[in-house]
Amino acid sequence: MASITITDVSKTYPGASTPSVADIGLQIRDGEFIVLVGPSGCGKSTLLRMVAGLEDITGGEVRIGERVVNSVDPADRDIAMVFQNYALYPHMTVRENMAYGLKNRRTPKAEIESRVAEAARMLELGPYLDRKPRALSGGQRQRVAMGRAVVRQPAAFLFDEPLSNLDAKLRVTMRGEIRRLQKRLGTTSLYVTHDQLEAMTLADRLVVLNGGRIEQVGAPLEVYHNPASTFVASFIGSPAMNLLDARIEGGRIGLGSTVLEPGQLSGPGGPVTLGIRAEDLIPAATGLPFRTDLVEELGAQRLVHGHIDGQPLVLTLDAAAPLHDEMRLSVSPTKLHLFDTVSGKRIETTGPARQPLRQDA
Ligand code: ADP
Ligand code: MG
């Protein structure tokens, strides 16, 4: 096992005018589970493939443990990769697929057998060892791909969207299996996904990428509760955080006809982006004037879509809570997020004595 240290790493593909990955710095601790998350094309696979050695590094340095691996062959990096398409050999049995990498490394036969048996036991693949991949379900194939990585006993696992080909229910099951397996083995892991829920549930820390750059690094809940930018705020969490055009005047936030008093707002006035999570909006006697447009029933909860002063807003309500076409909504001042309208960066607000919402006449 090992740490992975990524220092100022960039990648510009031949002929491209802009880098696909730019100035990435990241320290992955020994045994840590890191998830790279972001929309399609943001550079997740490129970064992962540079760590794996499948892609040349244009600038910067990758270390696995103490060793700089920039020019080390992928086979000599002591990592194991799991891909979305499994990449199993169709003509080999499950046992042979799992043993193949070890055989190539001239691992003694008895050692191969015991490692394959152990992996098969952990992944509940025992009954399928003599089958070919075509006789397996998608979930079982994914498990074989995991097994092939596990038997290698590598310093690190690298995963590129390994669950994307599975149906929604199986994805949830396999997600849990991967997490349990990683915890048990304690193997340093770098995992790529575009799925924010997968990122939230798997990661010790997640790394949000946007256009080849890091937007934010942090524990899932830290990122959820303190998004560093509007990009992160709208990407992490479902439904996406409400982002509203507001203004700061005399240390208070104006939103349409309503004035919010979060207290101690210093700095110049002017336009600002106000972020509020759907679950932080509470129906109340006074507050933001909300008009309902559409209700989506989720079972235990419902998503209520509507408007305040012409701006779209969504809130989550318990299915049992009363529903009206027109409601007033309150939000705790501690649940307000402010972002710079131009840069999208979070504006840190301080102030011990934040006060509740007030409706201006
Ligand atoms: P992600 O995995 O986040 O979807 P990728 O790392 O695959 O994103 O791609 C990041 C960017 O690099 C994209 O703009 C993509 O078009 C570009 N890219 C990826 N692979 C290549 C390649 N082999 N040659 C040129 N451009 C590439
Ligand atoms: Mg990708």
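The values are calculated or read from the model by the stated rules, or taken from the named source; none is laboratory data. Computed from a prediction, not measured in an experiment: that's the story for all the values here. Cβ coordinates were reconstructed from backbone atoms using ideal geometry, including for glycine residues, and neighbour counts include every protein chain displayed. Surface accessibility is based on the protein's heavy atoms, side chains included, excluding ligands, DNA and RNA. Shrake-Rupley method; radii C 1.70, N 1.55, O 1.52, S 1.80 Å.
Couple of notes before you dig in:
- Fraction of accessible area attributable to carbon and sulfur, segment 9-60 (%, probe 1.4 Å): 45
- Whole-number percent relative contact order across the chain, with pairs defined as alpha carbons under 8 Å at least 6 apart: 16
- Taking Lys and Arg as +1 and Asp and Glu as -1, the other residues whose beta-carbon sits under 10 Å from that of Glu96 total +2.
- Here the ratio of the Cα radius of gyration of the chain to 2.2 N^0.38 Å is 1.19.
- Of Phe157, Phe83, the order by accessible heavy-atom surface (1.4 Å probe, DNA, RNA and ligands excluded), from most exposed downward, is Phe83, Phe157.
- Heavy-atom accessible surface of segment 239-347: percent carbon and sulfur, 1.4 Å: 53
- Evaluated at q = 0.20 Å⁻¹: base-10 log I(q)/I(0), Debye formula over Cα of segment 1-100: -1.08
- A 1.4 Å probe, protein heavy atoms only, puts the accessible area of Ser330 near 30 Å².
- Simple rule: put +1 on each Lys or Arg Cβ and -1 on each Asp or Glu Cβ in the chain, find the dipole, and look at Gln196, Asn104, Gly43; the Cα lying farthest toward the positive end is Asn104.
- Under 5 Å between amide hydrogens, built in the peptide plane, is the criterion, and for Leu36 it picks out Tyr191, Val192, Thr193, Val207 among residues at least 5 positions away or on other chains.
- Distance between segment 203-245 and segment 308-341 - C-alpha centres, whole angstrom: 20
- Scalar couplings 3J(HN,Hα) for segment 10-27, obtained by applying the Karplus form with A = 6.51, B = -1.76, C = 1.60 to θ = phi - 60°, are 10, 9, 10, 5, x, x, 7, 8, 10, x, 7, 9, 10, 6, 7, x, 7, 10 Hz; x denotes Gly and Pro.
- Ordered by solvent-accessible area of protein heavy atoms (1.4 Å probe), largest first, the residues His91, His337 come out as His91, His337.
- Considering only alpha-carbon pairs that sit under 8 angstrom and 6 or more positions apart, the relative contact order computed for segment 68-219 is 26 percent.
- Calculated from backbone phi, Karplus (6.51, -1.76, 1.60) coupling profile of segment 106-113 in Hz, x at Gly/Pro: 6, 6, x, 4, 5, 5, 4, 4
- Antiparallel DSSP beta bridges within the chain, as percent of all bridges there, nearest 5: 75
- At q = 0.13, 0.26, 0.27 Å⁻¹ the log10 of I(q)/I(0) for segment 127-202 amounts to -0.39, -1.41, -1.46, computed by Debye summation with a single uniform scatterer per C-alpha, solvent ignored.
- Given charges at beta-carbon only (K, R positive; D, E negative), |dipole| of segment 239-347 in Debye: 360
- When only alpha carbons are used to place a centre, segment 143-190 and segment 64-93 end up 14 Å from one another.
- A probe of 1.4 angstrom, applied to the heavy atoms of all protein chains, finds Glu249 with accessible area near 100 square angstrom.
- Signed unit charges on C-beta, dipole axis of the chain, positive-most listed residue Ser114, Leu181, Phe157: Ser114
- With at most 16 neighbouring Cβ atoms within 10 Å, loop trypsin sites (Lys or Arg not before Pro) (DSSP) excluded, longest segment of the chain: 132-361
- Stretch gain in nm, segment Glu249-Phe83, where the contour uses 0.36 nm per residue and the Cα spacing is subtracted: 54.6 nm
- For segment 239-347: accessible area per residue (Å², 1.4 Å): 47
- Residue-span extension gain [Asp30 to Asp325] - 0.36 nm each, minus C-alpha spacing: 100.9 nm
- Max mean-square fluctuation residue, GNM over the chain, Cα-Cα springs under 10 Å, options Val223, Val304, Val314: Val304
- Rounded to the nearest whole Hz, the Karplus-based 3J(HN,Hα) values (6.51 cos²θ - 1.76 cosθ + 1.60, θ = phi - 60°) of segment 159-175 follow the sequence 10, 10, 6, x, 9, 5, 8, 9, 6, 4, 5, 5, 4, 5, 4, 5, 4, with x at glycine and proline.
- Value of D in µm² per second that Stokes-Einstein yields for segment 239-347, Kirkwood Rh from Cα pairs, at 37 °C (0.692 mPa s): 228
- Within the assembled protein chains, the solvent-accessible surface assigned to Met1 is about 130 Å², based on a 1.4 Å probe.
- Heavy atoms of the protein chains alone define the surface here; on that basis segment 59-130 has 58 Å² accessible area per residue at 1.4 Å probe size.
- Cα shape, segment 229-290, gyration tensor, a/c 1.5 rule: oblate
- In a reduced charge model with +1 at each Lys and Arg Cβ and -1 at each Asp and Glu Cβ, the chain shows a dipole moment near 1360 debye about its Cα centre.
- Normalised contact order of segment 250-308, rounded percent, pairs of Cα under 8 Å and 6 or more residues apart: 23
- Charge tally in the Cβ shell below 12 Å around Thr230, where Lys, Arg are +1 and Asp, Glu are -1, Thr230 excluded: -1
- For the chain, the longest principal axis of the C-alpha atoms and the axis of helix 94-104 are separated by about 70°.
- Entries in Lys109/Lys132; Lys44/Lys183; Lys44/Lys132; Lys11/Lys345; Lys11/Lys103 that, when Cα-Cα distance is taken, lie over 27 Å: Lys44/Lys132; Lys11/Lys103
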